[in-house]
Amino acid sequence: MTGRIDILGAGAFGTALALTYARAGHAVTLWARDGAEAMEAARENARRLPGHRFPDSLRVTGDLGALTADLALLALPTQSLGPFLSSARLRAGTLVSCAKGIDRDTGLGPTALIARHSGATPAQLTGPSFAVDIAAGLPTALTLACADDRIGAAVQDRLSTHHLRLYRTTDVIGAEMGGALKNVVAIAAGAVIGAGYGDSARAALIARGFAEMARVARAAGAQEATLTGLSGLGDLVLTCGSEKSRNFRFGMALARGETLGPGVTVEGLHTAHEIAARGDLDTPLADAVAALADGRADVATIADALLNRPLKPE
Ligand SMILES: NC(=O)c1ccc[n+]([C@@H]2O[C@H](COP(=O)([O-])OP(=O)(O)OC[C@H]3O[C@@H](n4cnc5c(N)ncnc54)[C@H](O)[C@@H]3O)[C@@H](O)[C@H]2O)c1
Ligand SMILES: O=P(O)(O)OC[C@H](O)CO
């Protein structure tokens, strides 16, 4: 079934989804905070996702009033969501967040922010997916999480395409936590590779990182099965294993004393700080990523400290 879909946020991911749904026959309106007119004229997002011409059924606007679909996707970075939602007063019946993080001001995930700031039904779209892969039309599987399973099933149906297959869950917390926490582990994995510790060390870090993800997510109320699915383990494997990931590249750069260019979205940095600041659980990797990013310790010191903790059962 095709229809109208609004997408808010014309970064790499919002643009990739807009291309996907416009190609599938939906009438898509993509809202951009900056540069809407230039994108509409060029029929391309040259800054965030170059090389993909917009289909005729994709329209770009800078006017929030032009958004009238009953289903809207929010493709903004997590830390922007709260301020944006509180001022935007969106009308859509269902708002699907694509953000992978935890809001540092409130400690809330994206769907709780939607519920706090709008009357819409909140849902979360998450899982292993690089914007460039989706834009290229490569096969991709994601998780659509919605507490209301009837609405979730309808959204799953509408947002699945031939190449983009959506699975569904009502475990919104699990899906959100998997997406947020895998970014922290990806930064650590990037640091391991950047420091030259090798693939075996990265595999160990991924496994221990997954144990830490499960600990934090369970404490937040997530179901175990969600964490071993696309939104947890699936996205962890992708993000820790590819230099296409900004979180992974950020970790590599940290280990090498380099920086990424300005304006690069690195969600895991905020999530690491949020988890480390809570201090209520055993989270050595989140603590390490926060310390590394703040310049409080270097990779060698952190690796020594992690390796020399008391031995324990797995
Ligand atoms: N890029 C990917 O491959 C990918 C894949 C899956 C999920 N995501 C998630 O999608 C979210 C967005 O990532 P992205 O890759 O599109 O980021 P991006 O850096 O490419 O773009 C972010 C966009 O958000 C806009 N923006 C930022 N703050 C804003 C505000 N306050 N109001 C309005 N617009 C604002 C920017 O102008 C920019 O267009 C992140 O949470 C990310 O984890 C990204
Ligand atoms: O580039 P990253 O690190 O934000 O990762 C993008 C997606 O979350 C991968 O699923």
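The values are calculated or read from the model by the stated rules, or taken from the named source; none is laboratory data. Source: prediction; values computed, not measured. As a convention, Cβ positions derive from the backbone with ideal geometry for all residues, glycine included, and neighbour counts pool all protein chains shown. Heavy atoms of the whole protein, side chains included, go into the accessibility calculation; ligands, DNA and RNA do not. Shrake-Rupley method; radii C 1.70, N 1.55, O 1.52, S 1.80 Å.
Amide H contacts of Leu49: none lie under 5 Å away among residues 5 or more positions distant or on a separate chain (H built 1.01 Å from N in the peptide plane; Pro and chain starts excluded). Surface composition of the chain: carbon plus sulfur atoms contribute 52% of the solvent-accessible area (1.4 Å probe, protein chains only, all chains present). Rg ratio for region 245-288: its Cα radius of gyration over 2.2 N^0.38 Å, N being its residue count, equals 1.25. Projected label points at Ala42 and Arg89, each 7 Å from Cα along the beta carbon direction, are separated by 3.3 nanometres. For a modelled paramagnetic label at Glu243, 7 Å from Cα along Cα-to-Cβ, no residue of region 271-293 is in reach, as no backbone nitrogen comes under 13 Å. In the context of the full set of protein chains, region 151-219 has a per residue accessible area of 37 Å² (1.4 Å probe). Inter-part distance, region 277-311 to region 155-190, computed on C-alpha centroids, equals 26 Å. Between beta-carbons, use under 15 Å as the cut-off and find the net charge around Thr106, counting Lys and Arg +1, Asp and Glu -1. Spelling it out: positives minus negatives among the neighbours equals -1.
Structural descriptor for region 180-308: relative contact order 36 percent, calculated from alpha carbon pairs under 8 angstrom and at least 6 residues apart.
Across region 226-234, rounded Karplus estimates of 3J(HN,Hα) from the backbone phi angles (6.51 cos²θ - 1.76 cosθ + 1.60, θ = phi - 60°) give 5, 5, 8, x, 4, 6, x, 4, x Hz, Gly and Pro being marked x. Computed over protein heavy atoms with a 1.4 angstrom probe, the accessible surface ordering of Ile206, Ile173, Ile114, largest first, is Ile173, Ile206, Ile114.
The alpha carbon centroids of region 227-275 and region 23-86 are separated by 24 Å.
Using only Cα atoms, tell me the angle between helix 172-194 and the longest principal axis of the chain; keep it within 0 to 90° and round to the nearest 10. For 172-194 against the chain, the angle is about 50 degrees.
Computed from the Cα positions only, the extents of region 180-308 along the three principal axes stand at 38, 31, 29 Å, in decreasing order. Per residue, the convex hull spanned by the Cα atoms of the chain amounts to 125 cubic angstrom. Each Cα pair under 8 Å and six or more residues apart adds its sequence gap; the mean of these over the residue count of region 46-177 is a relative contact order of 19 percent.
Couplings 3J(HN,Hα) for region 147-163, derived from phi with the Karplus relation 6.51 cos²θ - 1.76 cosθ + 1.60 (θ = phi - 60°), are 5, 8, 5, 5, 5, x, 5, 5, 5, 4, 4, 6, 9, 8, 10, 4, 9 Hz, where x marks Gly and Pro. Computing Rg and the Kirkwood Rh from the Cα coordinates of region 5-170 gives a ratio, Rg/Rh, of 0.93. With contacts taken as Cα pairs under 8 Å and at least 6 residues apart, the chain reaches a relative contact order of 14 percent.
Over all other residues within a Cβ to Cβ distance under 9 Å of Gly179, the charged ones net out to -1, with Lys and Arg as +1 and Asp and Glu as -1.
What 222 nm value per residue comes from the helices of the chain, counting each DSSP H run with n ≥ 4 as -39,500 (n - 2.57) and dividing by all residues, nearest 500 deg cm²/dmol? Result for the chain: -14500 deg cm²/dmol, rounded to the nearest 500. Neighbours of Ser160 by Cβ distance under 15 Å: Lys/Arg scored +1, Asp/Glu scored -1, total +3.
When Thr143, Thr170 are compared by accessible area at a 1.4 angstrom probe, the order from most to least is Thr170, Thr143.
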